[in-house]
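Here is the structure we will look at, set down as structure tokens.
The values are calculated or read from the model by the stated rules, or taken from the named source; none is laboratory data. What you see is a predicted model; the values in this text were computed from it and never measured. So basically every Cβ, Gly included, is an ideal-geometry build from the backbone, and we count neighbours across all protein chains shown.
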There are 2 protein chains.
Amino acid sequence: MKTKLNIGLFGFGVVGEGLYHVLKNSRTVDATIKKVCIKHPDKKRNVSENFYTTDANEIINDEDINLVVELIDNADEAYHIVKASLLKGKSVVSGNKKMLAEHLEELIEIQKKHNVSLLYDASACGSIPVIRNLEEYYDNDLLKSITGILNGSSNFILTKIFNEGGDYDSALKLAQDLGFAESNPTFDVEGYDSMFKLIIITLHAFGTLVKPEDIFNCGIPNLAPCDIQYAKEKGLKIKLVAQVTKLDNGSFTMFVMPKLVSPDEYIYSVENEYNGVIIEGEYYEKQFMFGKGAGAFPTASSVLSDITARAHNYKYEYKKHTLFTPPTYTTDTEVKIYLRYRDSLAFSHFEFENITEKYSSKDYSYVIGTIKLSSLQKVKYLLPKLDVFIAAV
Amino acid sequence: MKTKLNIGLFGFGVVGEGLYHVLKNSRTVDATIKKVCIKHPDKKRNVSENFYTTDANEIINDEDINLVVELIDNADEAYHIVKASLLKGKSVVSGNKKMLAEHLEELIEIQKKHNVSLLYDASACGSIPVIRNLEEYYDNDLLKSITGILNGSSNFILTKIFNEGGDYDSALKLAQDLGFAESNPTFDVEGYDSMFKLIIITLHAFGTLVKPEDIFNCGIPNLAPCDIQYAKEKGLKIKLVAQVTKLDNGSFTMFVMPKLVSPDEYIYSVENEYNGVIIEGEYYEKQFMFGKGAGAFPTASSVLSDITARAHNYKYEYKKHTLFTPPTYTTDTEVKIYLRYRDSLAFSHFEFENITEKYSSKDYSYVIGTIKLSSLQKVKYLLPKLDVFIAAV
């Protein structure tokens, strides 16, 4: 059975505009954009249709509209729009990972109660169909780990540094000039974007919803020439990696941090704005999915896939969340890290379990050793203020 | 809604045995193997359960059994088992690509009429979830091409030749010794296995079912040292590639043949028994999926995914096949090939449209040029008998 979709769209940037053109020409999806809610009515638009409004309620209260597509940046506004739409019995497609990671529990409940569908494959990994694959395909008992490069901006910056030389600041500026990084890049380069995506992925992989504040994430702004030199001398690259892993005791752990990556790892060759995800399982060893993770067109394409799925009345069933007792999340596990620092005061914040290598010079020092993730988690908010660089080894 | 599955299993080799153990320990799938139909009752089995039979009807006529899992090699026997089971109202999981490629039209009809489900993600690409992704995720209007290394045996042989030296015969023998190739390797090395998989993939990508005899396939047994040398001098590898491509006129074409592959192509790095699939679309450019394509465990894992899907009452909907007019298949299109030959009689079988390079020596000659796929198709059955080697350029 197929449903004719009347879409109320929030946001009309490049993604929204692309979506408009695709839907107009599509033979395969019976969907029309009826109204578009925009912020700036005076902005000149390429599409001159009589569907613009600045009043969200014109969409939310329109009984003809049966699908809301939310493509705005602001997570708080997105939350109110999505919640109000679901409560009014409208299905929703959203790509806002921060909003989803923070509010999924409530939104899933509302979705169930009102018998509507909230779809968000577009929120994680751009064009790579990770969420629906985890939901439909991979049995959680067989899943061992998921490792991904989930953020296009930071991967673009790291690629420039490692392939073309230069330091973090100049690579960041290039990324901003080319439109691959925001003017305020914190969300991307400090690992928050990756972390929100990892939360969503983990819910569909293992059935457990973990709170953002319970996860250790750190990023790449402190990457210094000495760290780059260290990696290059060892024949390694540094990538910003998000990882969730089942532990031997049945619980699981997760983090987002830079990682020293060797050429025999699949993610070594994921470059520029691309994303790559490795799904490791009991029987199939490793599978690797790879595709454009950022940009208007890849995003529009995955939003379109969500819309198509909705046209066929698709819903996430959250099987792993509802049918079984999901595994417990823990940070009580050790990770092996490279820690570069410049003074012993900074170093004193880290409680290593075991140190296997030490180096010091007048400019900088580093250690390699194991540390509890729970102990790293304690200094998470301090890290951006310290002149230290951390990478998983 | 979940269905408790009572499985009747055909075939109890390594895959079947692996499946038995996994199901026994699974918390996530409520499925039990009730009966196993085997060919050789006197063979010593590792599993001593009282469920063996040599009579297929004991499974087909057992009203308690609601899912038949077919894991036998023989395509004709598989066809009869699958058809009889569907007609008796049982759902079926099958991995037999040859049988499926040849009989899908009829089996889909029976499946619909009897309101049962025939699932076969296990049939193409081992552990890579290609079929269900195409079915659920990629809108056919946006799909431009699918290119894959779909056969693990021939890829293992080509990897050995290009990475470790040696000729075709010694690499084939090694593959056979290690269990990566059958004692009769024709099915794999002449491109039939890839072609049957490509037929199944194409049905789920574009909605059109193409007959095996209408598709050009050729393989690698004629690969000679001069061909290997040619590729190596140009910095290329030779891979056995299956490809389906939309043409500008809206129709599509497909083939299986060796291809000269450069290092900047994703499939260049797909080695040994791995499979890799590139899905190219209008908006997301290229996506790449990569995983183990052969072996007992990857196959068991994708059979298990089909079983899990069935436990959740999943069916392929064949949306692209039923909701729209699928595109037409054509071989009236040109491909650029490298053709190596040794005598002008062999060469005379090929009607080139245009030749751009020629080389000849006393030992061998080659040309590079464009030729109609329909013209290659005419000499398909003659090729294994000629001392020529063809590769797409």
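Numbers for the structure displayed
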item: Residue match in the range A:70-86 (condition: touching a Gly at 6+ places or on another chain (Cβ under 6 Å) and either within 14 Å of chain B (Cβ to nearest Cβ) or among the β-branched types (Val, Ile, Thr) (or both)); result: yes
item: Residue within the range A:289-310 that is within 30 Å of B:Leu19 (Cα to Cα) and touching a residue at least 24 places away in the same chain (Cβ under 8 Å) present; result: yes
item: Residue identified as out of contact with any Pro (no Cβ under 6 Å at 6 or more places or on another chain) and either assigned to a loop (DSSP other than H, G, I, E, B) or on the phi > 0 side of the Ramachandran plot (or both) among A:Gly166, A:Gly148; result: A:Gly166
item: The range B:218-232 residues that are hydrophobic (A, V, I, L, M, F, W, C), paired with ones that are in a helix (DSSP H, G or I) and surrounded by fewer than 17 Cβ atoms within 10 Å (Cβ to Cβ) (beta carbon under 9 Å, 6 or more apart); result: B:Cys218/B:Pro384
item: Leading residue by the ranking (surrounded by the fewest Cβ atoms within 10 Å (Cβ to Cβ)) among those in the range B:289-312 that are more than 7 Å from every other protein chain (Cβ to nearest Cβ) and hydroxyl-bearing (Ser, Thr, Tyr); result: B:Thr299
item: Among the candidates B:Lys113, B:Lys98, residue that is in contact with a helix residue (DSSP H, G or I) (Cβ under 8 Å, 6 or more places away or on another chain), modelled with pLDDT of 90 or more and not assigned by TED's automatic domain parsing to the domain that holds B:Ala242; result: B:Lys98
item: Verdict on A:Ala391 being closer than 30 Å to A:Ile33 by Cβ and among the small types (Gly, Ala, Ser); result: no
item: Every pair of residues 6+ apart whose Cβ atoms lie under 6 Å, when the first sits in the range A:37-54 and is within 14 Å of A:Val15 (Cα to Cα) while the second is at pLDDT below 95 and surrounded by fewer than 12 Cβ atoms within 10 Å (Cβ to Cβ); result: none
item: Positions within the range A:172-203 being closer than 19 Å to A:Ile390 by Cβ and either crowded, with 23+ Cβ neighbours inside 10 Å or of a type in the set (Asp, Glu) (or both), in sequence order; result: A:Leu172, A:Asp188, A:Val189, A:Glu190, A:Gly191, A:Asp193, A:Ser194, A:Met195, A:Leu198
item: Residues being more than 10 Å from chain A (Cβ to nearest Cβ) and in a loop (DSSP other than H, G, I, E, B) - total across the range B:315-333; result: 10
item: Any hit, the range B:254-273, residues being surrounded by fewer than 24 Cβ atoms within 10 Å (Cβ to Cβ), more than 14 Å from every other protein chain (Cβ to nearest Cβ), over 30 Å from B:Lys90 (Cα atoms) and at pLDDT below 95; result: yes
item: Single unsatisfied condition, B:Lys378 versus (1) of a type in the set (D, E, K, R); (2) closer than 23 Å to B:Val189 by Cα; (3) touching a residue at least 60 places away in the same chain (Cβ under 8 Å); result: (3)
item: Subset of the range B:30-54 that is farther than 25 Å from B:Asn74 by Cβ and away from chain A (no Cβ under 14 Å) - its residue that is modelled with the lowest pLDDT; result: B:Ser48
item: Lone qualifier among A:Lys315, A:Lys246, A:Lys286, A:Lys319 - being surrounded by fewer than 23 Cβ atoms within 10 Å (Cβ to Cβ) and free of Cβ contacts under 8 Å to residues at least 60 places away in the same chain; result: A:Lys286
item: Neighbours by Cβ (under 8 Å, 6+ apart or cross-chain): first from the range A:334-346, farther than 10 Å from A:Tyr366 by Cβ; second among the polar types (S, T, N, Q) and surrounded by 22 or more Cβ atoms within 10 Å (Cβ to Cβ); result: none
item: Some residue of the range A:101-109 being modelled with pLDDT of 90 or more, touching a helix residue (DSSP H, G or I) at 6+ places or on another chain (Cβ under 6 Å) and at negative phi; result: yes
item: Residues of the range A:361-387 that turn out to be farther than 24 Å from A:Val244 by Cα and surrounded by 12 or more Cβ atoms within 10 Å (Cβ to Cβ), as a count; result: 6
item: Residue selected from the range A:100-134 under the condition surrounded by fewer than 24 Cβ atoms within 10 Å (Cβ to Cβ) and at the interface with another protein chain (Cβ under 10 Å from one of its Cβ atoms), by the criterion nearest to B:Asp306 (Cα to Cα); result: A:Asn133
item: Hey, A:Ile201 farther than 25 Å from A:Thr333 by Cα, in contact with a helix residue (DSSP H, G or I) (Cβ under 9 Å, 6 or more places away or on another chain) and assigned by TED's automatic domain parsing to the domain that holds A:Val261 or not; result: no
item: Cross-chain or 6+ apart pairs with Cβ under 6 Å, the range B:250-267 first and farther than 10 Å from B:Leu236 by Cα and without any contact (Cβ under 8 Å) to a residue 24 or more places away in the chain, then of a type outside the set (D, E, K, R) and surrounded by fewer than 19 Cβ atoms within 10 Å (Cβ to Cβ); result: none
item: Which numbered condition B:Arg27 fails, given (1) within 14 Å of another protein chain (Cβ to nearest Cβ); (2) within 30 Å of the chain's Cα centre (by Cα); (3) without any contact (Cβ under 8 Å) to a residue 60 or more places away in the chain; result: (2)
item: Subset tally (residues that are β-branched (Val, Ile, Thr) and over 17 Å from the mean Cα position of the chain (by Cα)) for the range A:277-315; result: 2
item: Pairs where the first residue, in the range B:189-202, is touching a residue at least 40 places away in the same chain (Cβ under 8 Å) and farther than 20 Å from B:Phe252 by Cα and the second is in a helix (DSSP H, G or I) and basic (Lys, Arg), C-beta under 7 Å, 6+ apart; result: B:Asp193/B:Lys97
item: Residues (within 24 Å of the chain's Cα centre (by Cα) and not in a strand (DSSP E or B)) located in the range B:334-374; result: B:Leu373, B:Ser374
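Yes/no matrix, rows are residues, columns are (1) out of contact with any strand residue (DSSP E or B) (no Cβ under 6 Å at 6 or more places or on another chain); (2) more than 26 Å from B:Glu213 (Cβ to Cβ); (3) not assigned by TED's automatic domain parsing to the domain that holds B:Tyr168:
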{"position": "B:Tyr366", "(1), (2), (3)": "no, yes, no"}
{"position": "B:Leu376", "(1), (2), (3)": "no, no, no"}
{"position": "B:Val379", "(1), (2), (3)": "yes, no, no"}
{"position": "B:Leu383", "(1), (2), (3)": "yes, no, no"}
